[in-house]
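All remarks here apply to the structure that follows.
The values are calculated or read from the model by the stated rules, or taken from the named source; none is laboratory data. The model shown is predicted, which means the values in this text are computed figures rather than measured ones. A quick note on method: Cβ atoms are made from the backbone with ideal geometry, for glycine too, and the neighbour counts reach across all protein chains shown.
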Amino acid sequence: MTTPEILEEEIQRHFAAGASAANDPSARDAFSRFRSALERGGIRAASPDPTSPTGWRVNVWVKQGILLGFRIGKMIGSSAGVMSFVDKDTYPLRNFTEADKVRIVLGGSSIRAGAYLAEGVICIPPMYINAGAYVDEASLVDSHALVGSCAQIGKNVHLSAAAQIGGVLEPINASPVIIEDNVLVGGNCGVYEGAIVRTGAVLAAGTILTRGTPVFDLVNDTVIRATEELPLIIPPNAVVVPGSRAVTRGKGAEWGLSLYAPVIVKYRDEKTDLSTALEDLIR
């Protein structure tokens with residue numbers, strides 16, 4: 001079996017070759033082994049790293065490998081039932097069997113090859129998981145939810161209906177969106193631009209997190225912002241709700257306008273846990 005170190009060297013070499021890799025059979029062979037390693041969870045776009053300021057390390061070569069697959073892929077047609085598709089042959093739909101121990105409910109869901117889904121993951125249609133995404137044990141991806149390329153989803157996470165988890169495939173050195181263990185992401189939430197949501201946090205329905213969005217922590221009287229070095233990071237067990245802040249100058253103040261502002265109103269406690277315990281009944 002190819003070791004991750006050997007695979008890394010091969011992927012970096014073929015990625016550096018640029019467009020010429022598309023005509024190199026060895027590039028396709030390396031990518032095939034790379035994609036299998038992604039689907040096994042043996043490699044991932046970002047890994048836990050306690051020595052990093054964010055607690056995570058971006059694996060640039062893995063993101064290079066995902067991009068290599070798009071570069072060398074050829075457009076082909078395919079079908080599933082009455083549906084027809086035209087896409088890169090390097091990223092077909094991923095097929096599952098009972099041995100994978102992933103529950104995919106009947107309906108219009110799609111999971112692209114190169115995505116990792118651990119045992120006990122539940123997929124409720126219609127939902128979509130892109131290549132390079134990592135979804136850990138016992139997490140639930142609900143109807144109309146999206147897990148973007150390279151996004152990292154922890155254990156026992158609930159992505160509620162229509163939640164959008166951005167991926168951040170490019171730039172290749174940028175951290176993808178990371179949702180850590182035991183997080184509840186409410187309906188119609190959006191988490192983008194490399195934001196990190198720490199263990200146990202709750203995002204109430206409609207919460208939007210981006211790199212440029214300050215988060216107002218009412219509990220600790222602080223404002224959480226991304227910096228040049230760090231993405232937006234939601235603290236562990238924070239309960240975040242959509243809020244607004246008044247525009248205090250110029251025409252905005254004259255017109256009585258407000259801007260969207262996510263607000264931490266509390267930190268998770270027994271009462272919050274009771275309100276989310278209903279999830280266990282559907283697993």
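Of the residues making up region 157-182, those that are outside any loop (DSSP other than H, G, I, E, B) and within 11 Å of the chain's Cα centre (by Cα) number 5. Scanning region 70-102 for residues that are assigned to a loop (DSSP other than H, G, I, E, B) and either at negative phi or touching a Phe, Trp or Tyr at 6+ places or on another chain (Cβ under 9 Å) (or both) turns up Gly73, Lys74, Val82, Asp89, Thr90, Tyr91, Pro92, Arg94, Asn95, Phe96, Thr97, Val102. The set of residues in region 220-240 that are touching a strand residue (DSSP E or B) at 6+ places or on another chain (Cβ under 6 Å) and either of a type in the set (Phe, Trp, Tyr) or surrounded by fewer than 17 Cβ atoms within 10 Å (Cβ to Cβ) (or both) contains only Val223. Among the residues of region 140-156, those that are buried (at least 24 other Cβ atoms within 10 Å of the Cβ) and in a loop (DSSP other than H, G, I, E, B) comprise Ala145, Ser149, Cys150, Ala151. Checked against the criteria, Ser78 counts as farther than 19 Å from Ser149 by Cα, exposed (fewer than 13 other Cβ atoms within 10 Å of the Cβ) and at pLDDT below 95.
The set of residues in region 164-184 being within 29 Å of Leu68 (Cβ to Cβ), in contact with a strand residue (DSSP E or B) (Cβ under 6 Å, 6 or more places away or on another chain) and without any contact (Cβ under 8 Å) to a residue 40 or more places away in the chain consists of Gln164, Ile165, Val177, Ile179. Is at least one residue of region 130-139 assigned to a strand (DSSP E or B), hydrophobic (A, V, I, L, M, F, W, C) and touching a Lys or Arg at 6+ places or on another chain (Cβ under 7 Å)? No, because not a single residue in region 130-139 is assigned to a strand (DSSP E or B), hydrophobic (A, V, I, L, M, F, W, C) and touching a Lys or Arg at 6+ places or on another chain (Cβ under 7 Å). Within region 103-122, the set of residues being under 25 Å from Leu169 (Cα atoms), at pLDDT 95 or above and assigned to a loop (DSSP other than H, G, I, E, B) comprises Ala113, Gly114, Ala115, Ala118, Glu119, Val121. Put simply, of Ala151, Ala131, Ala118, Ala138 the only residue that is in contact (Cβ under 8 Å) with a residue 24 or more places away in the chain, in contact with a helix residue (DSSP H, G or I) (Cβ under 9 Å, 6 or more places away or on another chain) and in the same structural domain as Ile178 (by TED's automatic domain parsing) is Ala131.
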